[in-house]
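Novice: One structure coming up, written as structure tokens, with questions to follow.
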Amino acid sequence: MVKKNIDWENIGFSYMQTDKRYVSNYKDGKWDEGVLTDDANITMNECAGVLQYAQTVFEGMKAYTTEDGRIVTFRPDLNAARMVDSAKRLEMPVFPEDRFVDAVVQTVKANAAYVPPYGSGATLYIRPYMFGINPVIGVKPADEYQFRVFTTPVGPYFKGGAKPITICVSDFDRAAPHGTGHIKAGLNYAMSLHAIVTAHANGFDENMYLDSATRTKVEETGGANFIFVTKDNKVVTPHSNTILPSITRRSIMYVAEHYLGLEVEERDVYFDEVKDFAECGLCGTAAVISPVGKVVDHGKEICFPSGMEKMGPITQKLYDTLTGIQMGHIEAPEGWLKVIE
């Protein structure tokens, strides 16, 4: 298989159309068999449920070329399970977990020429998603749905290394206490757009959202979970029923405990204690870990001892270990890597 003639080391983090995508339709109470197609366009009625009432959920993951030349995806079974939870919350039919993983495998395999070579710093981003497609004018769930998977090669999230970022405490709420913060729904991300544009306009890289009920506890950013490191090297992540259960975060906590021998804790993290941590990072599919050097709370700066020049030492070890597992030069726990045959 010959790779596409792409300048892998200089592509950005943006959409590039690939050859094939997977499509399956839900109608009359069942999913069809699904198919790979060349057509990247979607045709739907102007009154489609997704357009009127934002009934859509999605996932994000990556395919990698490992050091020994295999193409793998990282823990797609967890993405499949999370989409089940998301679909149920928005009254959408569940796409079976085994079929989800198979659809991802089929799509990556069909676009293998777009999986960047090992060492290039690039990866193949995979986007499974589902939406209501039949006309819906009354406020109710759609009756027909489409599940799709597309891929796009992307460059590294950071150019020139993972430099610590500066974030601000947001005046906006990310999720309501009994809302949809725990699922991966498009509506959550639409709601965060004004907040992130405002943060960027004020010179910040991201937002820190506090819990909307009391505004005393750290939750997450618009698209990533927090991890903190204490001064005695304990890895702490916030607990909340309105936080998206990040697959990257769960993997990092496992790596911290079982590979690096660190103590880990998931608990309420009060904003008042943020100043006492040694390191801070944002974790997610795109960058694995984005180090945070500074948090600004309405003009008051909290600067972490790890500084603004590089990742803190524990964060760096977590990053190196998890990416090493993903790239195949550190042995992965059983079931973490799905090989694309």
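Novice: Taking into account only those residues within region 169-200 that are touching a residue at least 40 places away in the same chain (Cβ under 8 Å) and of a type in the set (A, V, I, L, M), which is farthest from residue 86 (Cα to Cα)?
Specialist: Looking at residues that are touching a residue at least 40 places away in the same chain (Cβ under 8 Å) and of a type in the set (A, V, I, L, M), I get 169.
Novice: Being small (Gly, Ala, Ser), closer than 25 Å to residue 16 by Cβ and assigned to a helix (DSSP H, G or I) is the filter; apply it to region 81-122 and report the residue that is least open to solvent (accessible area, probe 1.4 Å).
Specialist: Going through the qualifying residues, I end up with 103.
Results for (1) within 30 Å of residue 171 (Cα to Cα); (2) among the hydroxyl-bearing types (Ser, Thr, Tyr), shown as yes or no for each residue.
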site: 312; (1), (2): yes, no
site: 315; (1), (2): yes, yes
site: 318; (1), (2): no, no
site: 328; (1), (2): no, no
site: 333; (1), (2): no, no
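Novice: If a residue has to be within 16 Å of residue 288 (Cβ to Cβ) and in a helix (DSSP H, G or I) to count, how many in region 60-80 make the cut? Full working, then the answer.
Specialist: So the first thing to find is which residues in region 60-80 are within 16 Å of residue 288 (Cβ to Cβ), and the list is 60-64, 66, 72-75, 78-79.
Keeping just the survivors that are in a helix (DSSP H, G or I) gives 78-79.
The total comes to 2.
Novice: While we're looking at this one, here's another question. With the requirement that a residue be open to solvent by less than 10 Å² (accessible area, probe 1.4 Å) and in a loop (DSSP other than H, G, I, E, B), what does region 220-235 give you?
Specialist: The initial filter retains those residues of region 220-235 that are open to solvent by less than 10 Å² (accessible area, probe 1.4 Å), namely 220-221, 225-229, 235.
Selection gives 221 alone.
Novice: Also: Test residue 305 against the stated conditions and say whether it is under 19 Å from residue 245 (Cβ atoms) and surrounded by fewer than 16 Cβ atoms within 10 Å (Cβ to Cβ).
Specialist: Taking the combined requirement at face value, the residue does not satisfy it.
Novice: Return yes or no: is residue 53 open to solvent by 40 Å² or more (accessible area, probe 1.4 Å) and aromatic (Phe, Trp, Tyr)? Write out each step before concluding.
Specialist: Numbers: open to solvent by 40 Å² or more (accessible area, probe 1.4 Å): yes; aromatic (Phe, Trp, Tyr): yes.
When the stated conditions are applied, residue 53 passes them.
Novice: Here is a follow-up. Where residues in region 317-341 are part of a helix (DSSP H, G or I) and open to solvent by less than 50 Å² (accessible area, probe 1.4 Å), which of them is nearest to residue 306 (Cα to Cα)? Break it down stepwise before answering.
Specialist: Just the residues of region 317-341 that are part of a helix (DSSP H, G or I), to begin with: 317-327.
Cutting the leftovers down to open to solvent by less than 50 Å² (accessible area, probe 1.4 Å) gives us 318, 321-327.
Details: 318: 14, 321: 19, 322: 20, 323: 21, 324: 22, 325: 25, 326: 25, 327: 26 Å.
Per the stated criteria, the residue is 318.
Novice: Out of 257, 301, 265, I need the residue that is out of contact with any Gly (no Cβ under 9 Å at 6 or more places or on another chain), more than 19 Å from residue 170 (Cα to Cα), modelled with pLDDT of 95 or more and assigned to a strand (DSSP E or B). Which one? Explain how you work it out, then say what you get.
Specialist: Details: 257 fails: assigned to a strand (DSSP E or B); 301 fails: more than 19 Å from residue 170 (Cα to Cα).
Step by step, each of 257, 301, 265 is checked, and only 265 is out of contact with any Gly (no Cβ under 9 Å at 6 or more places or on another chain), more than 19 Å from residue 170 (Cα to Cα), modelled with pLDDT of 95 or more and assigned to a strand (DSSP E or B).
The values are calculated or read from the model by the stated rules, or taken from the named source; none is laboratory data. On a predicted model such as this, the values are computed, not experimentally measured, just so you know. Glycine gets a Cβ as well: all are built from the backbone with ideal geometry, and neighbour counts include every protein chain shown. Heavy atoms of the whole protein, side chains included, go into the accessibility calculation; ligands, DNA and RNA do not. Shrake-Rupley method; radii C 1.70, N 1.55, O 1.52, S 1.80 Å.
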